[in-house]
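Structure first, then comments.
Nothing in this text is a laboratory measurement; each read-out follows from the coordinates by a stated rule. These numbers were taken from a predicted model, which means no experiment stands behind them. Note: ideal-geometry Cβ built from the backbone for every residue, glycine included; neighbour counts use all protein chains shown.
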Amino acid sequence: MLRMTSVAFPLDGQSAAGLGDARVSPTPWLDPFVPNVFIVPAYDEVENLPRLFADLETRPELFPDGSRLIVVDDGSSDGTPELVENYRGPLPVELVSLGENQGPGAAFRAGFAAALVSCPETAMIVTLEADTTSDLDALPVMLARAAAGAELVLASVHGGGRMVNVSPLRRLLSAGAGLMVRVALGLDARTVSCFFRVYRASIVREATAHYGDDLIREAGFACKAELLAKLAGLGARVEEVPVDLDARRRVGESRMRILPTLLGYSRLMARERVTRDSAPR
């Protein structure tokens, strides 16, 4: 079984498990020579993206030379692609448009493909929600863990972080998804559905070469658990950092639908069981 590590860093005399009660103290580590490539899937996020851009604009240290911010528009009808195209701020924003709504799985496939076109092996790939619900103060800590050797760093709301202003049903679904993954796929991951992650570009490139078009088959939110399972299958070193998710930051409702998401997890686990049962022993 792959062991996930939940990492605690000093935060003004407190541990990272207290992220809900304290802000991350000055940047623990950032390499000015390692670019960060951000991938942000967006579906009808015209009200949230300006706030995400504004947050990132206050963090220029996250954008060394060669960094990029790729927004993947997933068939929005509210002016999201036009907003991205018309952005004239300091961020290195790029638009990838899918034309029609295909789900986060397709958005991440397109985002990773765009990132890898001109992405050095040393780069970090950061995936983010467009709705600003994740606390970006944790990102320097996540980047530090990747620099120290982790190939995938998960933002963990169940391993020390918190889900704030989220309904009990959605908290239960998120925790249940983690439990399903631990039991059925043999992964000790506490949070499997959050978009907020840091990947080393090298492991994404390796996984793309290994799995090809099958790297992400799930169209819905189960795609993140699928990607985690496949990277773990390649022996990737995976760690977790406590991060708060606050639904009050979002304008509008969550795009995640409970029944389709549960069906996606069921399909994923069935495929993984078949793959493991058919593997040579």
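So how much slack lies between Arg51 and Ala148, counting 0.36 nm per residue of separation and subtracting their Cα-Cα distance, in nm?
Values: separation 97, 0.36 × 97 = 34.92 nm, distance 3.06 nm.
Length gained between Arg51 and Ala148: 31.9 nm.
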Placing each pseudo-label 7 Å from Cα in the direction of the beta carbon, Ser202 and Asn86 end up separated by a distance in nanometres of 4.3 nm
PRE zone check, label point 7 Å out along Cα-to-Cβ of Asp31, amide N under 16 Å, scope region 98-128, hits 119-126
Residues Cys194, Cys119 in order from fewest to most other beta-carbon atoms within 10 Å are Cys119, Cys194
Full extension between Asp78 and Thr122 adds, at 0.36 nm per residue less the Cα distance, a length in nm of 12.2 nm
Length gained if Ser97 through His210 is fully extended, taking 0.36 nm per residue and subtracting the Cα-Cα distance, is 38.1 nm
Residues whose modelled amide H sits under 5 Å from the amide H of Phe38, counting only those 5 or more places away in sequence or on another chain, are Arg68, Leu69, Ile70, Val126
Taking Arg237, Arg145 and counting other beta carbon atoms within 10 angstrom, the fewest-first order is Arg237, Arg145
